[in-house]
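A.B. asks: Shown below is the structure under consideration.
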Amino acid sequence: MTPQGTTVAQFEISRDAKGQGAAEKVAPAWRARFAVEIEPVGLVHAQVTVTGERAGVTLWAERGDSAALLRDNAGVLAERLRAAELDPSEVVVRDGAPPRPA
């Protein structure tokens, strides 16, 4: 629930195959991509990658002031990931929209 009421977000979830060879013990990487538009922040795209206990988050904010606000609070997100027993490998905030998948 948002201040504007209920919102809908489409999620894309994918999983990479385990390591390249049988001898490798690499955990698969799970990726979730989604976008939400909530005022006053505007449209924010997210990609969350989880590999084992490591989590990487990339956010794209289409408004520059929103990107700055998210960037200023990236440490809070990293703390929340740690509280969920995930190791935040990186939390990145970028301006604009994400690149289109190939």
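The values are calculated or read from the model by the stated rules, or taken from the named source; none is laboratory data. These numbers were taken from a predicted model, which means no experiment stands behind them. For neighbour counting, all protein chains shown are included, and Cβ atoms are generated from backbone atoms with ideal geometry for every residue, glycine included.
A.B. asks: I'm trying to understand the selection: among the residues of the range 1-40, which are under 22 Å from Glu90 (Cα atoms), at pLDDT 80 or above and of a type in the set (A, V, I, L, M)?
C.D. replies: The answer is Ile13, Ala27, Ala29, Ala32, Ala35, Val36.
A.B. asks: Hey, does the range 54-71 have a residue that's over 20 Å from Thr7 (Cβ atoms) and free of Cβ contacts under 8 Å to residues at least 12 places away in the same chain?
C.D. replies: Yes, some residue in the range 54-71 is over 20 Å from Thr7 (Cβ atoms) and free of Cβ contacts under 8 Å to residues at least 12 places away in the same chain.
A.B. asks: Within the range 51-70, can you find the residues that are of a type in the set (Val, Ile, Thr) and touching a Leu at 6+ places or on another chain (Cβ under 7 Å)? Reasoning before the result, please.
C.D. replies: Initial filter on the range 51-70 (of a type in the set (Val, Ile, Thr)): 51, 57-58.
Listed by number, the list holds a single entry, Val57.
A.B. asks: I need a count of the residues in the range 43-81 that are in contact with an Asp or Glu (Cβ under 8 Å, 6 or more places away or on another chain), at pLDDT 95 or above and farther than 20 Å from Glu12 by Cβ.
C.D. replies: Residues that pass the stated criteria total 2.
A.B. asks: Tell me yes or no: at least one residue of the range 82-94 is over 20 Å from Phe11 (Cβ atoms), at pLDDT 95 or above, out of contact with any Ser or Thr (no Cβ under 6 Å at 6 or more places or on another chain) and hydroxyl-bearing (Ser, Thr, Tyr).
C.D. replies: Among the residues of the range 82-94, not one is over 20 Å from Phe11 (Cβ atoms), at pLDDT 95 or above, out of contact with any Ser or Thr (no Cβ under 6 Å at 6 or more places or on another chain) and hydroxyl-bearing (Ser, Thr, Tyr), which makes the answer no.
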